[in-house]
Every structure is written in structure tokens, then in C-alpha cells.
1. Against the conditions (1) in contact with a strand residue (DSSP E or B) (Cβ under 8 Å, 6 or more places away or on another chain); (2) within 17 Å of ARG73 (Cα to Cα); (3) within 16 Å of ligand 2 (Cβ to nearest atom), where does GLY32 fall short? Just the number, please.
2. I'd like to check something: does the range 693-701 contain any residue that is modelled with pLDDT under 75, outside any loop (DSSP other than H, G, I, E, B) and surrounded by 15 or more Cβ atoms within 10 Å (Cβ to Cβ)?
3. Can you name the condition, by its number, that GLN109 falls short on among (1) within 21 Å of GLU408 (Cα to Cα); (2) surrounded by fewer than 19 Cβ atoms within 10 Å (Cβ to Cβ)?
4. Among the listed residues LEU362, LEU372, LEU397, identify the single one that is in a loop (DSSP other than H, G, I, E, B) and in contact with a helix residue (DSSP H, G or I) (Cβ under 7 Å, 6 or more places away or on another chain).
5. Can you tell me which condition LEU218 does not meet? The list is (1) within 16 Å of ligand 2 (Cβ to nearest atom); (2) assigned to a helix (DSSP H, G or I); (3) in contact (Cβ under 8 Å) with a residue 60 or more places away in the chain, and all the others hold.
6. Scan the range 606-629 and give yes if some residue there is more than 16 Å from ligand 1 (Cβ to nearest atom), aromatic (Phe, Trp, Tyr), under 16 Å from LEU296 (Cβ atoms) and not in a loop (DSSP other than H, G, I, E, B), otherwise no.
7. Across the range 221-238, which residue is nearest to ligand 1 (Cβ to nearest atom) among those that are in contact with a helix residue (DSSP H, G or I) (Cβ under 6 Å, 6 or more places away or on another chain) and without any contact (Cβ under 8 Å) to a residue 60 or more places away in the chain?
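The values are calculated or read from the model by the stated rules, or taken from the named source; none is laboratory data. On a predicted model such as this, the values are computed, not experimentally measured, just so you know. Because the Cβ atoms are built from the backbone with ideal geometry, glycine has one as well, and the counts that use them run over all protein chains shown.
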Amino acid sequence: MDVSELLDSLNDKQREAVAAPKQNMLVLAGAGSGKTRVLVHRIAWLMQVEGISSHSILAVTFTNKAAAEMRARVEQTVGGNTHGMWIGTFHGLAHRLLRMHFQEANLPQSFQVLDSDDQLRLIKRIIRSLELDEKKWPAKQFVWYINGKKDEGLRPQHIDAQFDPSEAVFVKVYKAYQETCDRAGLVDFAELLLRAHELWLNNPELLSHYQQRFSQILVDEFQDTNAIQYAWLTMLGKARSNVMIVGDDDQSIYGWRGAKIENIERFTREYDDAQTIRLEQNYRSTANILNAANKLISNNNNRLGKELWTQDDAGEKIAIYTAFNEIDEARFISGRIKQWRDEGKKLDEVAILYRSNAQSRLLEEALLQGQLPYRIYGGQRFFERQEIKDALAYMRLINNRDDDAAFERIINTPTRGIGNQTVALVRDAARSGETTLWQACKQMLHSQQLKGRSAKTISAFIELIEQLEDDSTNLDLDQQANFIIQHSGLKAMYQAEKGERAAQRIENLNELVTACQTFESDPELVEEQTPLTAFLTHAALESGESQADEYEPAVQLMTMHSAKGLEFPLVFIAGLEEGMFPSQQSVEEIGRLEEERRLCYVGMTRAMHKLYLCHAESRRLYGQEKFHKASRFLRELPDDCVEEIRMQSQVAKPATKGRFSSTITMETFANTGFSLGQQVMHAKFGEGVVLNYEGSGAQSRIQVNFADVGTKWLVVEYANLQAI
Ligand code: ATP
Ligand code: MG
């Protein structure tokens, strides 16, 4: 793109930001106003007009997916290479720094990133070893505590718990956990940030090197930065006055994880002459969607205040669907998606958003039933699946013997007759000797503290790992993975399991080999890490995000949190009920309620053309049927932007037993003469099953799944359906 094109595709305000002189800048604007576009064009501008080298640019965004997209968009815009440019998440960039300067950061070269699942396991172990009662002290609380403190930049020694016995316990666990991680060369997500910060704090020359290098710093989604990220950024960029941040206070949704909206105002106070530019035109959504979202968010207090308008038409109204129950909700959504596909539109233009991952199961069931391919972001992610974690644990232990989390996972997987008691002995020895589990095993064998069967099984395990390493080090990464999966006994173990699930596990293990094959190391780090280390890090950092298979166009399912920054022509939000969304805890606390409302604002503003908001009158939760009121967020929407779709409920309530089966109930839909699940015949389309119904009188329509032509909506009056 040449310079005039670069600017032509922008409005005046956007242009002002993109072509501004080099300075500190805040772009503050609502959803869909082109903030991310401005950031990408600014990078292109800096390179093409200001002659800045890609090497001097550092851009931060919120997810790996967004980072990859940003790199692609920059490459497209500047028509070439972004070599040497640092684009990534705060975590990804911190990791890169630590890898490059592991010695200065006091880390072993083979240090490994600990994902949240492994962190939880490790903390459970610490709780046990400190002989705390897990019922009284749930591991999750410690995870929150430790990550929270790290996000604030606090080590155990910084916390004064003298007068608070319960906090003293937290600090004790934090300390023991940290010692274990340090010994094992493990770095959790929060630690990545804290260490990277300390790296610069303790090594001023290194900091000054990076301050020199990165003459331009750009941050997307700034409203969700936490204290340590802000501090890190400030160390790097403040002195040079070269930071552009873009964000939207109304989209701050990570307060529960330490994000601070105040950082936006803090930036304008603390950074010299920071200029604020506001964008007010929205290019994403129809007027109905935008006006409704604006109205919703106006119920929050303490906003920085922004305008947002669109030139777009009103568009279709937002549809609110009141389902009988959660099954009906899922079925309705899949029905509408089928309709979308039948109109010849693409499935990857559709997203289903929800508050919590647990909601995805029923939606998945309905999509499967409707033969609609889908992909889940978050939830059971590829790198978090059991069999994958098992295989990765072998790879990790081969890579680094001191990785206690990996050791724990596979010491007896597949079972090799190592009893819990033996493992407990090893743990005790490791704790008292302040060493890692692996080292403790070796010492115990050496000093003959382990005897008989225990000695035999443990030394067999040690040999297995050593042998696996010896036999596989010279192989290419994918062959190495394959070798390890075979010879660790994992494959045989999963093959011995029966059924569909086992087959899927084997498939996933094969997919892991493929992932190794296509994996490309970070080019900046080829010297610093082996392909195996690089891959393991990638797996840990990715585990929070997308799945592996991204080929087929598919409906996307995700939480509203993971939908940040994305946009889709058709969006469904499921589960808009009091107690679900807003969540029960949040309604009791004004700050949290406002964050829920912002989350709803984020969800709604993902939609470009059509938005469905769904809620169910009853829902099975934790084995109990609950009756929820519709979410207050629905009531907060302006009447003229929404329309209600509602089946003639009472009479057509399906029995929950027959989940999605075609014979759900025999009760008839109001005044149609047909019932859910009924077999019907149509002159042109042939035989089918009644799935759904909407409207009343002459307008009423009925949805039928025909054996030959799939699902269709028909106007009852004209369809001339015959019951069969
Ligand atoms: P969010 O707050 O959700 O992250 P955003 O402010 O980052 O949104 P973008 O994703 O950059 O918004 O832009 C929203 C959509 O509007 C994109 O499809 C983008 O290509 C388009 N867009 C932005 N600016 C313009 C413009 N000047 N002309 C035409 N389309 C634009
Ligand atoms: Mg954006």
C-alpha cells in the first residue's frame, strides 16, 4: 500500500492519529471504531514515511491470535517484511526476553513455562506437603492469590502478614511454591511478566539497550493492562516519549485478573504531553446493534465518556429469543445457523458467545446434531487435552529433568507399579533435601533408601527417560515426538482403551506429531533454544487459546472474554439470564456488575449485521432445574432496536428427556396442528420432521428438517404440510 492509500482508507480522526508526529498518544474510542486499524496503519506509516526500521518497533496486543493477525495485516499493508519487529502479547514478549537473557534473569537455560493447569497441580502438591487441609484451603484460592500478587509486582518478602494469620498461610504457600518453581526451572504466566520486569530493574545496561532499540511502542487493548504490565511498559518507553496506546474503557473486562482501567488516565498523567485522540465513527455494526450497545453501556457510571455513531443503516433488529430451556436455546441457535448456511453464507462468519465455557457442551451437541462444523476457542483446548498433556510431560522431562510438574504427571502413567507410598517418599525426600523429584529419586537409589520393588520400579522409570532422550535427541522434532509417544507406552495405553474416545485420543496424539512438523521456531530465538524447548514453550503459551485444526470453515464458539477485538457478521449470545449473566456473584457488587455490563457490551459489539440474544426460562445447572429471570441487560436495551421471537411456549414445551431427538414431544404448537418432532410430508421437499415454530396467525412459520433437502422454514398457511 503506498502512502496515499494508507491514508485514504481512514477518516479524519484516524488519519490524525496515524500521521501524528512522533509523540506519546492515546487513542480512546468505542468498539469497532478502527482502533486496531489505526495501530496497524501507524506502524506502516512509521516505516514508510518516517523511515523507521521494523527492528525498532514493538507492538503488544492481547492474544496470540490477535498478534498473528496484526503481523499479517502489517505485512499486507507495508507489502513486505516485518523482520525484527516484535509483535506479541505481553506474556509472549516477556518470554522472549527471558529466553534471550536467561542468565541475567537467574533462570536455567532449559526453563519451561508452566500453564495454569500444571500450576494448579503443583500448588495442590505444596498444600499437601505443608499439611494444610485442602477443604479449608482450596488450591484455587492460592492460585488467585499468588498470581494476583505477582501481577502487582510483589514477592513473598514484600508482603507483611504479621498481623494476619490467614494471610501468613497464603504467603507461606506462595514462598514454598516459588522455591519449587525456581528449583525446577518452571515459570508460570504471571512470573513471566514479573521476571521480565525484574530483569530490567536489575540490569540497567540491558534496559538501556532495549530503550535504544525500540524507538516506537504501540499497545492495543490497553484498558486491560495490569500493574506489572504498565510498569514494564513504562520502564521501556516513558523516557523516549514514543508510546501509542489504544483502548476503550468500556471494554475493560479483566478486572478480575488485575487489569486496571485507571491505567488509561494514568498514562495521560504520567507520560509527557500525551495527546488524546478520540474516534467516533463505528464501521462494524448496523445502527440497531450500535445504538442498543451504546444504550446498554450508558447504565455504567464512571466512564471516560465517548460518542459512537455509524453511517450504516438501521439494519435488522436485534432478535431476543426466549427459550423454554437450555436445550431449546441450543436447538434454536443451531436451527438459525443452518438457515444461514442454506442461504449460501459461510459458517466461519458465525460466532456463538457465552459467559462461561461450561455452556458450550449443549451448544456443541446441537451443532453436531445439525451436522454443523464448529470450533471452540478456549475450553478443552488442544494443548490441554489429557493425552496431549501426557505426551508433553514426557517431552518436558526429557528436556529438563528437574521439571517437577512433568515428573508428577507421568511417574505412573502408564501405570508401572509405582505406588502412591513410594511417590510420597520421593516427595518427602525432595522437600527435606530442597531438591527436585528427579534428583531425590537418584539420591535415594544411590543411598539405597529405596528398596525392593520401589527401587526397581523407580530405577526403571529413570532409565526409561534417559533412554528416550538418548534414542531421540538426534531426530527431527516430529520424529522425536513420535518416538516418545510410541516408546513411552502412552500410545499403547490409549490404544488399549476402547471406543470413540480412545480413537480420538490416538488421533490427537498423531495431531501432536503433525503440530511438531509444521512448527516454526521464533526466528529471534534459534540460537537460544532447541526446537524441543521452543515447541514446549509454544504449547504452554498457546494452551490458553485456539485449537489445532483450523482448516475447515466452521462456526466459532467462545466466551465473550476471548471474543475481544474480533468481529463476525452473525453473532449469538447465549444464556442472558440473571444469575448467569450477570453472574450471581457480580450482582451483589456494583464494580463487578459494571464489569459484567462491559462484557455484554463487548459481546454485542462483535456483531456486524445480525445479533441474537438468547435466554432460557429454565435451565439445568449442576443437576438442578433452575428458573431464571431474563437478564437485566436485556431490559436495558431500547425497544425500537429489538424484536422478540418467541415460540408459543406453554403448549410446546419439550420434555427434557429426548434431548434433541426427533420425537421430543407430542404436544402441538399453538394453532398449527403440528407438534415438535412430528413427521410430515411436503409436496416438493418430501418427508421431514418438525423442529421449530415461530410467530402467530398468518405470519406463523414452521421449521422442518427434510430428509433430502435439510432444514427449511415454511409459512404454515402455504406449506400445505401433511401429517404422516
Ligand atoms: P474493538 O474495540 O472491537 O477492538 P476496533 O476499534 O479495534 O474495535 P477495528 O477492528 O480496527 O476496530 O475496526 C472495525 C472494523 O471497521 C474493521 O472491519 C475495520 O476494517 C473497519 N474500519 C475501520 N476504520 C475504517 C474506515 N475508515 N473505513 C472503512 N472501514 C473501516
Ligand atoms: Mg481492536
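1. (1)
2. yes
3. Here GLN109 meets the rest and fails (1).
4. Working: LEU362 fails: in a loop (DSSP other than H, G, I, E, B); LEU397 fails: in a loop (DSSP other than H, G, I, E, B).
None of the others qualify; the one that does is LEU372.
5. (2)
6. Yes.
7. Selected residue: GLN223.
So that you can scan it fast, the table gives a plain yes or no per residue for (1) surrounded by fewer than 22 Cβ atoms within 10 Å (Cβ to Cβ); (2) farther than 12 Å from ALA292 by Cα; (3) of a type in the set (D, E, K, R); (4) assigned by TED's automatic domain parsing to the domain that holds ALA358:
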position	(1), (2), (3), (4)
ILE590	yes, yes, no, yes
ARG598	no, yes, yes, yes
HIS609	yes, yes, no, yes
CYS614	no, yes, no, yes
GLU617	yes, yes, yes, yes
LEU621	yes, yes, no, yes
LYS626	yes, yes, yes, yes
SER631	no, yes, no, yes
ASP640	yes, no, yes, yes
